[in-house]
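S.K.: Here it is, the structure, as structure tokens.
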């Protein structure tokens, strides 16, 4: 009883540990950043490479003494044009000015009608239209939410009027340009927003715009009220070329530090939706419930003393993010096309190998072709982990970043393939699967433990330009980790069969804690989905049928974990909640419709991706090819049930995490890029090993003494080997290891026995011996002096899927799931 309960007790311990890891957060040092006034200076298009101590002295001085960061200007439109950026600032949420800016290649100059009926305030007639438009979008943004949160707002310039307008279009105080008496204007209201112009284009025109913005900022700094916070932000892009922009905060508590927030969870990065909460928090105002999507910015230590050195970091991040966007487009397209072509070439090879496995089959495909196919599949599975490791080389700084990235990725892939091939255990059936899967898992876990620097703006990671994630584990990383950790656990579990559930839980549970911890992966949805996948894999890894009890137990475990994570998450402060906590909170306050609409919209948009095509391709490969009698996967599942469990757990995890997280099939696609080639490779090796007819050395035959008829076969009668079949898949090891495999190696399967007409006894491992050195054949029956092995009508079945031949010549049957080597190859 204790042995059966042990794996489930470990599952419970891992779940509790994961929940604790998610709920416990460090206590950050509190710094007083409250101010009496806040002045936001918007400069759409301003980037860090625009700053220069001679050309922009005001910007340089402000950045030198304040907190700085790279600003991601994501809005509800793509690209974010100046009007979208100003509107998002005023909404504190992802907003868009209208359909005309969404999807545009270039951004038109800002043109907004501002009416000044009384000489004090102003009116933006277009504002109610923008409110109606955003009310129909999935983000639920309310333009004017920032102005509604304070008693009075001042706007200087047309762009500032968009941000400062209330939902019905009224601007409390307005000036078309910054007047001579700027101090009076900036002190009329606690919140002032200044439009310092748009920086666009290149060359002299851009330099002139930057100088003009710096002049406006200099006048603002000279007239700023006492105890004021000044925020400078490059609010938007100016075309389809997305970039990271300038963010500077100067005021009480913002000295020489990095800007960060709960939205990004990474020092030196800030989101556009964080500016409104930052302004209200500095003024000591309550954030409007359910209106803002961002979080208040905070200051983080660790910035270099020299501004030039500090500025190099966001400028380099901008170059990398820009190169990543261009490179990722073709990388995943080529990866998908290459794997589809490889699978198409694999189909005839599988059919030929299967046909050869039964006597008298056609010749086996050339050895060089089989070896080449195995190496190609190994390389295909290593490409995505290699793309992650490629970010160790600063390829984005070269003149041809895409070519350098491709060269580095190919070199790493070839090196990994060669290492797997030259390893001593390579001949073991599951060695390539276990080695590649373990490599993939180690790459992702190592990156997460070191701060996810490889995934940040990495081709196989996430882009800060997209604004979806800035820290932790991304969609591709989660897919690679899931496939890697579960398949590695399956390969290790096949070596230690009695410990399969324990191994699956320990390795899977470790991955759950890495994914779910707010200090590491910070992916609550991924942790819940991975927990469900680990439960499924643990329940199935011992083999046998998938009964109602197993389904009920795994479903209950998944629901318990999900509810537990959500309850712990919702009890945290609103600014620190993850997606599960926000979903549960929205169910309580009645705003769940927006959350569901947002997740649905994200899933629909994410479906248009090469990774979606890759998932569908791998699903078709498994269903129409590998699960066919000649595909080898049924044989693999029978002999290695832990592999079946790992693939099932991977499917459950990636599909659940994708749907709940709004990434559709991206996570499943990343997992398929690793698991698909490995499943095909292992199925091919199982068929290849079953077809092996290598004749080992056999001891010379001696004339035995004839045993009495009453004792013939008593010691081993009734035991059948999986080597000889009735015309379908005999003559091999039913998926065991090839000749010469060491016992106990990964994937160590049965060593079936083949009895030929001359009375010789062969095994695929080359180790069949008789204790008395005697074998007799009569009508297709071979008898040994230590026991008898019988084959009836050339048919061999194993009750557990594995057959072992002992040195004394006694044939025994293993303990895996039942496999019958019939003509259908199942």
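S.K.: Label region 62-163 by shape, choosing from rounded, prolate and oblate, from the square roots a ≥ b ≥ c of the eigenvalues of the Cα gyration tensor; if a/c is under 1.5 it is rounded, and otherwise prolate applies when a/b is larger than b/c, oblate when it is not. Write down the numbers at each step before the final one.
M.R.: Working: a/c = 1.42, a/b = 1.03, b/c = 1.37.
Rounded shape, in that the Cα axes give a/c under 1.5.
S.K.: If each residue's Cβ is checked for other Cβ atoms within 10 Å, how do 87, 487, 335 rank with the fewest at the top?
M.R.: Working: 87 36, 487 32, 335 21.
Lowest to highest Cβ neighbour count: 335, 487, 87.
S.K.: Shifting gears a bit: Whole Å is fine, so just give me how far the alpha carbon centre of region 181-248 lies from that of region 611-625.
M.R.: When both Cα centres are located, 51 Å separates them.
S.K.: Rounded if a/c is under 1.5, else prolate if a/b beats b/c, else oblate: with a ≥ b ≥ c from the C-alpha gyration tensor eigenvalues square-rooted, which is region 396-474?
M.R.: Working: a/c = 3.44, a/b = 1.59, b/c = 2.16.
Oblate, because a/c is 1.5 or more while a/b does not exceed b/c.
S.K.: Per-residue counts of other Cβ atoms within 10 Å, averaged by peptide: what ranking do you get for 529-540, 446-457, highest first? Working shown, then result.
M.R.: Details: 529-540: 29.2, 446-457: 19.7.
Ranking the peptides 529-540, 446-457 by packing returns 529-540, 446-457.
S.K.: Please report 86, 395 as a ranked list, fewest other C-beta atoms within 10 angstrom at the top and most at the bottom. Could you put the intermediate results ahead of the total?
M.R.: Values: 86 32, 395 23.
With the fewest neighbours first, 86, 395 line up as 395, 86.
S.K.: With 10 angstrom as the radius, rank 424, 256, 166, 326 by how many other C-beta atoms surround their C-beta, starting from the fewest.
M.R.: Details: 424 9, 256 17, 166 20, 326 14.
Ascending number of Cβ neighbours within 10 Å: 424, 326, 256, 166.
S.K.: Of the peptides 58-70, 464-476, 266-278, 666-678, how do they stack up when ordered by the mean number of other Cβ atoms within 10 Å, highest first? Numbers along the way, then the final one.
M.R.: Details: 58-70: 22.5, 464-476: 24.7, 266-278: 26.4, 666-678: 29.8.
The packing order, highest mean first, is 666-678, 266-278, 464-476, 58-70.
S.K.: Mind ordering 376-387, 304-315 by average Cβ neighbours within 10 Å, highest first? Walk me through the numbers on the way to the answer.
M.R.: Values: 376-387: 26.0, 304-315: 15.1.
Taking the mean over residues of other Cβ atoms within 10 Å, the ranking is 376-387, 304-315.
S.K.: Here is a further query. Per 5 Å bin from zero, what fraction in whole % of the C-alpha pairs of region 37-303 is there, up to the bin with the longest pair?
M.R.: Taking all Cα pairs of region 37-303, the binned fractions are 1, 7, 15, 20, 22, 19, 12, 5, 1, 0 percent.
Bear in mind that the values in this text are calculations on the coordinates, not laboratory data. The structure presented is a predicted model; accordingly, all values stated were derived computationally and were not measured. Reconstructed Cβ throughout: ideal geometry from the backbone, glycine too, with neighbour counts over all protein chains shown.
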